[in-house]
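Following: one structure in structure tokens, then a few remarks.
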Amino acid sequence: MDISVFRTFVSVVDEGSFAAAAGRMGISRSLCSKHVADLEADLGVRLLVRTTRKVTPTAAGLSYSRDLRDILARLDAATETVKAATASRSGALKIGSPIFYTLKVLQPHLLDFMERYRGIQLQVVLDDGTSDIVGDGFDAVIRIGNLADSTLHARRLHAVRILLVASPDYLARAGRPERPADLLRHACLHYTNLPGNLTWPLRRGSRTIRQPVRPSFSSNNTELLHSMALNGRGLALLPEFIVGDDIAAGRLSVLMTDYALPDLPVNLVYPSGKLMTGAMRSFLDFAAGLRLT
């Protein structure tokens, strides 16, 4: 039943008159009377005694109005709490983010966010999978890669370079690949979340080649692939934010620089903004000002 029916009944009890209650509710007297009649019919009990001079509650009606008044007060308080949180940009915020990306790129910015918005209780769930944003209760998730068509909103944060790398030890044993077809004779460390059926996309100019590979090892975790590459187990396509320090220190070498995996977008993905909380709006505003690399 519509909540306005309950409010109308409580107003009639408070005012002792359908006309006065109708004025308080901003509805017609006939609609006010109908609301109460419908409520009595639904409950199967008389709630009011009507006379030409006044309206008084029955014992059941008085008890019911007291219970309703308490329920409505709690409902109004809960509503005001949510509205206040939205207005003040406070409250709980649950964000999903890839593990290594969070640790290498996002972490210092999260510290800044927490310092700026002390009223927000931030929860970051580290997950390299594709979480169900709505089903798992996330306000937003960060996803690396091209997004499938979706009713969700996405805000692009930046793009990441993907590099083909291997350790000097592996290259000393297996040689350096020079062309895409050379990958077929190499041990390839394959990221299973990469689109395509055991192929690696390599770009030269405006042309993208889907090069088949024969993985010697596969995983959905980039940190594990990174460790395998460092330990000389094969070639890997990995984001620059993961391998940048290793390249600078000589622990990994960049290969086939004439070819490249197209840069991958990093997006903040979130449900429709129609019911957006103040905490989520704060995070969107904060993310818009970030300079991520």
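The values are calculated or read from the model by the stated rules, or taken from the named source; none is laboratory data. For clarity, every value in this text was computed on a predicted model and none was experimentally measured. No Cβ is skipped: glycine too gets one built from the backbone with ideal geometry, and neighbour counts run over all protein chains shown. Surface areas here come from the heavy atoms of the whole protein model, side chains and all, with no ligands, DNA or RNA. Shrake-Rupley method; radii C 1.70, N 1.55, O 1.52, S 1.80 Å.
Counted over all Cα-Cα pairs of the range 1-114, pairs farther apart than 23 Å make up 49 percent. Comparing Cα centroids, the range 182-224 and the range 28-89 end up 65 angstrom apart.
Between the alpha-carbon centres of the range 248-273 and the range 3-22 there is a gap of 64 Å.
Each Cα pair of the range 189-290 feeds into the Kirkwood radius, which the Stokes-Einstein equation turns, at 10 °C and 1.306 mPa s, into a diffusion coefficient of 98 µm²/s. Each Lys and Arg adds +1 at its Cβ and each Asp and Glu adds -1 at its Cβ; summed about the Cα centre, the range 205-293 shows a dipole of about 300 debye. Only the Cβ atoms of Lys and Arg (+1) and of Asp and Glu (-1) were treated as charged; on that basis the dipole of the range 46-180 about its Cα centre amounts to roughly 700 debye.
Over all orientations, the chain has a Cα convex hull whose mean projected area works out to 22.0 square nanometres. Counted over all Cα-Cα pairs of the range 36-167, pairs farther apart than 19 Å make up 70 percent.
In this structure the amide hydrogen of Y117, modeled in the peptide plane, comes within under 5 Å of no amide hydrogen from residues 5 or more places off or on another chain. Per-residue Karplus couplings for the range 240-256, computed as 6.51 cos²θ - 1.76 cosθ + 1.60 with θ equal to phi - 60°, are listed in order as 4, 5, 8, 9, x, 5, 5, 5, 4, 8, x, 7, 9, 10, 7, 10, 6 Hz, Gly and Pro entered as x. With 0.36 nm allotted per residue and the present C-alpha distance subtracted, the A78-A249 stretch has 56.0 nm of extension available.
Counting protein heavy atoms only, the range 98-216 has 49 percent of its accessible area on carbon and sulfur, 1.4 angstrom probe. Averaging 1/r across all pairs of distinct Cα atoms in the range 123-239 and inverting the result yields a Kirkwood radius of 16.1 Å. Under 5 Å between amide hydrogens, built in the peptide plane, is the criterion, and for R203 it picks out I209, A260, L261 among residues at least 5 positions away or on other chains. At the listed q of 0.22, 0.26 Å⁻¹, the Debye profile of the range 107-189, built from one uniform point per Cα, gives log10 I(q)/I(0) equal to -1.15, -1.39.
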